[in-house]
1. With a 1.4 Å probe and every protein chain left in place, work out the accessible area per residue of the chain in Å², rounded to a whole number.
2. Springs between alpha-carbon atoms under 10 Å, Gaussian network over the chain: tell me which of THR164, THR267, THR346 tops the mean-square fluctuations.
3. On a 0 to 90 degree scale, rounded to 10, what angle separates helix 160-170 from the longest Cα axis of the chain?
4. Using a 1.4 angstrom probe on heavy atoms only, work out the carbon and sulfur share of the accessible area of region 172-300 in %.
5. Under a Cβ-Cβ cut-off of 14 Å, what is the net charge of the residues other than ALA105 that fall near it, where Lys and Arg count +1 and Asp and Glu count -1?
6. Output wanted: per-residue J couplings in Hz (rounded whole) for region 377-392, from phi through Karplus 6.51 cos²θ - 1.76 cosθ + 1.60, θ = phi - 60°, x for Gly and Pro.
7. Could you give the angle, 0 to 90 degrees to the nearest 10, between helix 90-104's Cα long axis and the longest principal axis of the Cα atoms of the chain?
8. What shape does region 63-209 take by its C-alpha gyration tensor, where a ≥ b ≥ c are the square roots of the eigenvalues and a/c under 1.5 counts as rounded, a/b above b/c as prolate, and the rest as oblate?
Amino acid sequence: MFVKLIFLFLISLSVFAEEECEVNGTPFQEVQNLLRAARDNCTEIPKGNFRIHDTLAQRAQHLLERDSNGNYRATFNIEFKPQQGVSATSQIMQTKMNECLQMVAPYLKGPDGNTITIRILSPDEIKTLPRRQRPRKYKIEIGPDGSRSNTRMFSADDDCATFTHEMLHHMGLQDEYHEADPEFASKWDCRPITREDSVMHTHTRGLEAALPRTIMCHCSSDACENLKLNPDSTIISRLSQVAGWPLTQEFQRANCTYTYSFLPPGTPAKNGLELVSDNGDTFVTKYQSQHPDVIQKKYLPTELVLTCICRDEACRRSKAQMLAKIGQTPPTISHCPAGTREESRTFANQSYSPAFHNGMLRFSTTPIRNTILYPNQFRRAVAGTCAENIAGYGMCSEYAYTGTEKGQCQTPEACRNPDYYIGTIPQK
């Protein structure tokens, strides 16, 4: 009975001290750690409940709530502190980040369709929450424009892709890219590398996989200026489509020869890739697009004819993927088309059809899926200090910050397979 009373007393005292006591090693802190370990376990948070979550990576603590629909909200208690000479204020950084995190929230989606909304509250705002729902304060510096961001310092000019990447670190995700900085190369060269469209590999491509990007282009040719004066929706639409889709430049260089020619004006438009002939390992495709003609000063239909020969299984697999998309409308390009120059590109949760807007060509890229996160990344993000394997992620992420500096790599071979590590590509 006495032990139970002491335990209850320590629980109440720890809850009271949670916000006020930040000194590691005190009895209160030790009790807090034990209590968090007990409640931050591997069982799924029931709908309508919450937990205070630490992460295995020892990053910022956060409040993780789950609503009646099964969606999650992660709340962080962050104090921003500008470095000397940095004009960006803590309020500016917090507002900028919350706007970004609110925009990406519908796309931080798990395999069952659940989403994660991440929000940042200041230490003063945290005090409006019930005491037992207040995560510990975490300090992040604001560095000068152009500085390399990390979990403890964000650059003042960081974009939304970087904010998303860094906050997912705070939810337990690890880096998945090849470290090019010589300072860290031998320290982290045992890291398993995943796909380039993972937000933990390449920030921007990770967001672009799920969110449309709005691209604005100025005219830089007479053909474009004339098209702006007399818009033709068919030509404008063709300008924004991927020529040669879905064959990559790498595939074309390795396996194909091509001819490229202007077509007579008035040639009927054809969407997508067309298969001309298929003799097994040798096949011919053609594709229509639009290109500026410097003599006639207008866009003319062009035709790209590719003759490809496969000599290995990798080529044959690519061919099979290509044939499955014959006749489909190609996706939009991710850069300004010929005859124009870029003004800006921004992520948005709204798509624009190709058209001239305020004197510039505006269009949106085509996302390839409806979530930024791969399945195991989502599972890790809501798992807190759960040390289970998380279907491969738990084991593989342990090697994210190991290197040959301390001996040979011990990274399991299975972790070289992104399907095992972060999960298979989510379907749109």
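The values are calculated or read from the model by the stated rules, or taken from the named source; none is laboratory data. Not measured: the values here are computed from a predicted model. Glycine also receives a Cβ, built like all others from the backbone with ideal geometry; neighbour counts cover every protein chain displayed. Accessible surface areas use protein heavy atoms only, side chains included; no ligands, DNA or RNA. Shrake-Rupley method; radii C 1.70, N 1.55, O 1.52, S 1.80 Å.
1. With all protein chains present, the chain gives 50 Å² per residue.
2. THR267
3. Computed tilt is about 30 degrees.
4. 52 percent
5. 0
6. Rounded to whole hertz, the list is 5, 4, 4, 5, 5, 9, 9, x, 8, 4, 9, 5, 5, 6, 6, x.
7. 60 degrees
8. Numbers: a/c = 1.82, a/b = 1.14, b/c = 1.60.
Here region 63-209 falls in the oblate category.
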